[in-house]
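Everything on this sheet refers to the single structure shown next.
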Amino acid sequence: QVQLVDSGGGLVQAGGSLRLSCAASGSIYSISSMGWYRQAPGRQRELVATIDTRGSAAYVDSVKGRFTISRDYAKNTVYLQMNSLKPEDTAVYYCHANLATTFISRSRDYWGQGTQVTVSS
């Protein structure tokens with residue numbers, strides 16, 4: 001069984017910073033990618049940032065230059081450093097991992113429970 005536990009959300013003023021963390025635990029054979037999605041009220045869940053096994057990162061245009069994703073491969077943990085936060089960044093942020101639990105199993109998607117980020121103007 002695999003668990004993703006994400007944390008670090010909160011209430012912050014515009015221009016402030018937050019750091020999200022997500023640790024994957026359980027029966028994990030390999031993790032191909034980890035990342036963060038977010039979902040604001042009334043909107044679809046969107047990809048915010050992702051990082052692969054080589055450390056190559058990708059970001060949605062709206063966060064480029066403000067957010068930085070990083071990964072601790074030994075701890076199966078991914079971080080999202082969010083700077084210069086804006087009210088439009090307000091959403092529930094979900095950790096995501098695409099991983100395999102055994103040598104022969106296919107990789108599949110796993111999700112954290114979500115952490116609320118609220119940016120006040």
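The values are calculated or read from the model by the stated rules, or taken from the named source; none is laboratory data. It should be emphasised that the depicted structure is a prediction, and the values quoted were computed from it without experimental measurement. All Cβ positions, even for glycine, are placed from backbone atoms using ideal geometry, and neighbour counts span all protein chains on display. Accessible surface is based on the protein model in full, side chains and every heavy atom, while ligands, DNA and RNA are left aside. Shrake-Rupley method; radii C 1.70, N 1.55, O 1.52, S 1.80 Å.
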### Task
Considering each of Thr77, Thr90, Thr101, Thr68 in turn, give the residue that is over 16 Å from the mean Cα position of the chain (by Cα), surrounded by 14 or more Cβ atoms within 10 Å (Cβ to Cβ) and of a type in the set (S, T, N, Q).
Thr101
### Message
Pairs please, first residue from the stretch 23-40 and surrounded by 14 or more Cβ atoms within 10 Å (Cβ to Cβ), second anywhere and of a type in the set (Lys, Arg) and part of a strand (DSSP E or B), Cβ atoms under 8 Å, 6+ apart in sequence or on different chains.
### Response
Met34/Arg71
## Note on the structure
By residue number, the members of the stretch 104-121 that are more than 17 Å from Pro41 (Cα to Cα), in a strand (DSSP E or B) and open to solvent by less than 40 Å² (accessible area, probe 1.4 Å) are Tyr110
### Query
What is the one condition in (1) of a type in the set (Ser, Thr, Tyr); (2) open to solvent by less than 40 Å² (accessible area, probe 1.4 Å); (3) outside any strand (DSSP E or B) that Ser62 does not satisfy?
(2)
